[in-house]
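Below: one structure, written as structure tokens.
The values are calculated or read from the model by the stated rules, or taken from the named source; none is laboratory data. Just so we're clear, the structure is a prediction, and the values are computed from it rather than from any experiment. As a convention, Cβ positions derive from the backbone with ideal geometry for all residues, glycine included, and neighbour counts pool all protein chains shown.
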Amino acid sequence: MTETSAPLASLFASALLVANDAPRHQWSEWARDAVAAAQHHCCAYCDAPLDAMCPQRWSVQPVISASLGVPAASEFLRVACKPCANAKGQQDPLAWPEWQRRMPPERVEAVLALRRTALLVAPQHLTPHRPHSPVDAVKEHLLARFAHPRFRAWAWRGREEAFVGWPMARSIHRSTREAMAVLLYGQRATRIPHPKAVLFALPSDRFLEAVWALIELHGWICPVSLHAEPAPESDDWRESWPHTFTSLQDLRRRRRAHERQPLPSPPRDQSQSPSAVSHRRAYAKRREAERRHRDAVAQAGYRSRMGHVDAGRLPPLAFEDWAELYLDSLLHRLPRAL
């Protein structure tokens with residue numbers, strides 16, 4: 001990191017810490033009692049019995065925290081004893097695997113199924129599919145992301161340097177440990193020391209590759225606005241990384257219902273099967289035949305016009321018209337005798 005980028009790194013760290021410091025949703029007492037009664041007053045992560053008369057010894061929390069983008073809805077709540085609630089915190093249940101080893105498989109699968117349901121209504125980044133791809137293909141790609149613990153990170157890219165980071169936790173979770181490995185060893189990012197945040201700096205030309213590597217690790221990457229010159233956008237479809245969708249249909253269309261133009265998509269992969277190659281060759285021949293026909297029609301029209309001008313049946317062309325006709329003839333690669 002250069003001396004000129006050190007102030008930008010400090011600004012970036014301050015911005016992500018402010019963005020992360022959002023108020024948490026407070027659940028009412030009746031909602032807590034209803035969730036606890038529905039779970040028979042047993043902890044969802046250790047199956048320990050809970051004393052309904054001592055609510056200070058247990059708490060209700062969503063299976064996926066609202067800080068990870070899941071809406072604050074009562075159907076995603078689970079009751080947990082204080083030790084389990086403190087151990088899980090705001091992280092994804094997959095980032096805290098200890099509870100799975102002490103729970104029956106059917107109880108573990110019930111929590112994971114609720115987790116998948118909650119994630120399907122959380123903000124999701126685009127998938128490398130073209131618009132109107134099969135819903136099953138898009139959902140299958142999302143489920144592959146869901147196999148990793150969800151985490152939240154912030155990113156910003158300038159003309160020469162980019163930053164990625166997240167707030168520092170009391171311990172390194174599985175999700176952030178994988179993200180750190182991808183940035184340090186996969187993208188050759190540089191760790192920036194900071195007392196309250198985990199920061200990485202990397203060249204701007206490797207930013208998109210790094211961000212999408214984190215997205216495929218189930219990262220929710222949020223943009224940060226800094227009072228600095230951002231990098232110019234390109235035609236790369238990966239520039240759409242700040243856009244997220246909470247609807248599977250909108251994600252499949254790559255646009256929201258009120259929008260007309262979909263976001264850019266990856267280039268279409270061409271099949272190399274013999275039939276596909278033969279079809280492309282036949283299409284290229286048809287296009288070449290159509291081009292030659294257009295050239296012949298344009299040449300005939302040009303010669304006819306020049307013949308009428310030479311015979312005096314048509315007035316000479318003005319300079320603007322002559323220039324337009326001349327450029328048109330160059331476009332159609334016609335011979336011109338001037």
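Before moving on, here are some points about what is shown:
- Checked against (1) surrounded by fewer than 17 Cβ atoms within 10 Å (Cβ to Cβ); (2) not assigned by TED's automatic domain parsing to the domain that holds Ala15, Leu94 passes all but condition (1).
- Within the option set Gly301, Gly312, being in a loop (DSSP other than H, G, I, E, B) and more than 31 Å from the chain's Cα centre (by Cα) holds for one residue only, Gly312.
- Subset of the range 40-59 that is of a type outside the set (Gly, Ala, Ser) and closer than 22 Å to Ala169 by Cβ - its residue that is nearest to the chain's Cα centre (by Cα): Tyr45
- Inside the range 174-205, residues that are hydrophobic (A, V, I, L, M, F, W, C) and within 25 Å of Gly89 (Cα to Cα) make up a count of 9.
- Unmet criterion (only one of (1) under 14 Å from the mean Cα position of the chain (by Cα); (2) closer than 16 Å to Gln61 by Cα) for His129: (2)
- Close pairs from the range 201-222: first under 11 Å from Gln187 (Cβ atoms) and surrounded by fewer than 18 Cβ atoms within 10 Å (Cβ to Cβ), partner modelled with pLDDT under 95 and not charged (D, E, K, R), Cβ under 7 Å, at least 6 apart: Arg206/Gln187; Glu209/Gln187; Trp212/Trp241; Ala213/Val182; Ala213/Gly186; Ala213/Gln187
- Inter-residue pairs, beta-carbon under 6 Å, first without any contact (Cβ under 8 Å) to a residue 60 or more places away in the chain and in the range 52-63, second among the aromatic types (Phe, Trp, Tyr), 6+ apart: Val60/Trp27; Pro62/Phe76; Val63/Phe76
- Looking only at residues of the range 16-61 that are among the acidic types (Asp, Glu) and closer than 21 Å to Ala87 by Cβ, we find that the one that is surrounded by the fewest Cβ atoms within 10 Å (Cβ to Cβ) is Asp51.
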